[in-house]
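Some notes on the structure that comes next.
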């Protein structure tokens with residue numbers, strides 16, 4: 001007899017573990033499987049954007065993530081240079097003070113590596129009730145109209161298990177076997193570059209700023225490479241490109257050759273670095289043609305692969321997980337119609353396109369000036385991608401006219417439907433767990449209406465009156481107006497002025513955005 005579960009998550013990286021955590025905290029029965037023996041052992045995908053920390057705040061893990069990376073509170077420097085002590089070509093970020101996001105959020109960004117974030121996600125997902133099985137791979141997948149039958153095999157014992165799930169979240173990476181099984185193609189560019197990852201220990205003196213996140217893009221005469229410090233004292237990551245078209249292989253980069261390259265990168269000719277770990281990967285930029293096939297949803301790298309220039313790949317995976325998790329939970333609880341799940345691709349695929357194209361523009365500026373970026377959509381401001389992104393779907397009742405823009409200025413948030421609800425001190429802890437109706441000033445007519453409609457529809461709808469002029473201005477409300485915010489912190493609808501029939505308005509809006 002098949003094991004029953006509401007949602008099967010395949011993959012336990014950032015996207016899969018985030019989905020497992022968010023689903024379990026929403027009361028969903030979730031099983032996650034991962035073919036590897038455990039979570040990531042190195043610090044790829046380091047850095048948590050303000051939006052990611054907002055999602056982690058609502059999940060109750062933001063303080064742990066911040067504590068895992070003290071550098072986050074000390075500053076950030078990003079430099080394009082010939083070497084650590086060489087000619088500076090661009091100073092992209094001087095100290096992090098350039099990032100003024102105070103109008104959009106009160107939460108800090110993080111700088112923790114994937115190696116420390118994933119165990120935090122895992123522990124809290126299991127605490128919330130998720131089951132996670134490592135060294136377990138998917139060997140069969142049979143979707144039908146009513147669910148998905150999956151065959152799992154334990155890689156040590158060979159024992160097979162059949163699982164019957166209502167839905168599957170495919171978080172199985174850039175070479176997603178599930179995506180291939182479903183016949184979902186991708187478009188974009190493969191093999192933009194090939195990188196070695198070299199983790200080493202050494203005392204670099206004043207070459208790198210201590211206590212801050214110090215990231216270099218090196219355009220050395222002999223190589224191009226990334227270089228960054230870590231939270232382990234005197235530990236660094238050096239990531240040079242290699243070129244298979246020239247006959248180069250990772251094996252060609254012997255210990256002595258890597259030491260010579262590190263010395264050249266640091267301008268320390270007598271340095272004796274201790275190499276801790278090496279690996280290799282391919283930098284690509286590919287977008288799945290679809291993010292959904294029936295009851296299976298692609299998240300993270302299974303849905304898109306983006307260059308690391310900008311640090312948006314892992315953050316986008318967490319955003320994918322948040323979007324699909326609340327929607328699956330709403331459908332499984334009977335609060336929403338199945339058509340709500342169509343909005344996952346409608347909302348997240350344009351974000352992935354924007355992230356990929358902006359990362360490619362960054363790659364041209366920072367590492368590969370000859371990269372052809374013609375035909376791409378324009379580069380967007382990275383803060384706007386992070387906090388000013390816009391959703392267009394049936395889960396949002398947009399206001400007319402639509403200006404057509406993909407993002408808005410994070411220093412002047414508008415509170416319009418489809419954008420993030422500005423995370424003010426007065427609102428950030430009210431959001432992220434249910435539908436929320438935020439009322440400006442007098443909420444005497446909204447409160448009873450919200451209670452009645454929530455009971456009638458069987459939806460958790462919390463109503464709060466916020467007597468704060470800053471709140472009203474940021475959310476675009478006059479006295480007596482109200483803003484309806486989704487469980488993921490996105491404004492679904494607003495009534496800028498007091499409504500004549502609050503109950504009727506809320507009924508109309510909620511049945512529409514929940515595809516009832």
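The values are calculated or read from the model by the stated rules, or taken from the named source; none is laboratory data. A quick note: this is a predicted structure, and the numbers were derived from the prediction, not measured. Glycine also receives a Cβ, built like all others from the backbone with ideal geometry; neighbour counts cover every protein chain displayed.
Looking only at residues that are free of Cβ contacts under 8 Å to residues at least 24 places away in the same chain and part of a strand (DSSP E or B) in the range 152-168, which one is farthest from residue 34 (Cα to Cα)?
If we filter the range 152-168 for residues that are free of Cβ contacts under 8 Å to residues at least 24 places away in the same chain, which is where we start, we get 153-154, 156-160.
Keeping just the survivors that are part of a strand (DSSP E or B) gives 153-154, 160.
Working: 153: 11, 154: 10, 160: 14 Å.
Of everything passing the filter in the range 152-168, 160 is farthest from residue 34 (Cα to Cα).
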Q: Quickly run through the range 479-516 and pick out the residues that are in contact with a strand residue (DSSP E or B) (Cβ under 7 Å, 6 or more places away or on another chain), in a loop (DSSP other than H, G, I, E, B) and free of Cβ contacts under 8 Å to residues at least 40 places away in the same chain.
A: 479
Q | Condition check for residue 96: surrounded by fewer than 16 Cβ atoms within 10 Å (Cβ to Cβ), within 21 Å of the chain's Cα centre (by Cα), touching a residue at least 12 places away in the same chain (Cβ under 8 Å) and on the phi > 0 side of the Ramachandran plot | A | no
Q: Just name the residue that is nearest to the chain's Cα centre (by Cα) out of those in the range 206-219 that are in contact (Cβ under 8 Å) with a residue 24 or more places away in the chain and surrounded by fewer than 18 Cβ atoms within 10 Å (Cβ to Cβ).
A: 211
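So which of 215, 196 ends up being modelled with pLDDT under 95, in contact with a helix residue (DSSP H, G or I) (Cβ under 8 Å, 6 or more places away or on another chain) and over 29 Å from residue 33 (Cβ atoms)?
Working: 215 fails: in contact with a helix residue (DSSP H, G or I) (Cβ under 8 Å, 6 or more places away or on another chain).
Testing whether each residue is modelled with pLDDT under 95, in contact with a helix residue (DSSP H, G or I) (Cβ under 8 Å, 6 or more places away or on another chain) and over 29 Å from residue 33 (Cβ atoms) leaves just 196.
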Q.
Looking at the structure I just gave you, is residue 249 in contact with a strand residue (DSSP E or B) (Cβ under 9 Å, 6 or more places away or on another chain) and free of Cβ contacts under 8 Å to residues at least 40 places away in the same chain?
A. yes
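Every residue, every condition in (1) buried (at least 16 other Cβ atoms within 10 Å of the Cβ); (2) outside any loop (DSSP other than H, G, I, E, B), yes or no:
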{"site": "77", "(1), (2)": "yes, yes"}
{"site": "83", "(1), (2)": "yes, no"}
{"site": "91", "(1), (2)": "no, yes"}
{"site": "102", "(1), (2)": "no, no"}
{"site": "116", "(1), (2)": "yes, yes"}
{"site": "121", "(1), (2)": "yes, yes"}
{"site": "138", "(1), (2)": "yes, yes"}
{"site": "141", "(1), (2)": "yes, yes"}
{"site": "150", "(1), (2)": "yes, yes"}
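Going by what's in this entry, would residue 314 be described as assigned to a strand (DSSP E or B) and either outside the structural domain of residue 51 (by TED's automatic domain parsing) or buried (at least 19 other Cβ atoms within 10 Å of the Cβ) (or both)? Give the steps one after another, and end with the answer.
On the way: assigned to a strand (DSSP E or B): no; either outside the structural domain of residue 51 (by TED's automatic domain parsing) or buried (at least 19 other Cβ atoms within 10 Å of the Cβ) (or both): yes.
No: the conditions fail for residue 314.
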(Q) For the list (1) buried (at least 20 other Cβ atoms within 10 Å of the Cβ); (2) out of contact with any helix residue (DSSP H, G or I) (no Cβ under 8 Å at 6 or more places or on another chain); (3) more than 16 Å from residue 51 (Cα to Cα); (4) at pLDDT 95 or above, I need the number of the one condition that residue 449 fails. (A) (2)
Q: With respect to residue 458, determine if the residue is farther than 24 Å from residue 57 by Cβ, surrounded by fewer than 22 Cβ atoms within 10 Å (Cβ to Cβ) and at pLDDT 95 or above.
A: yes
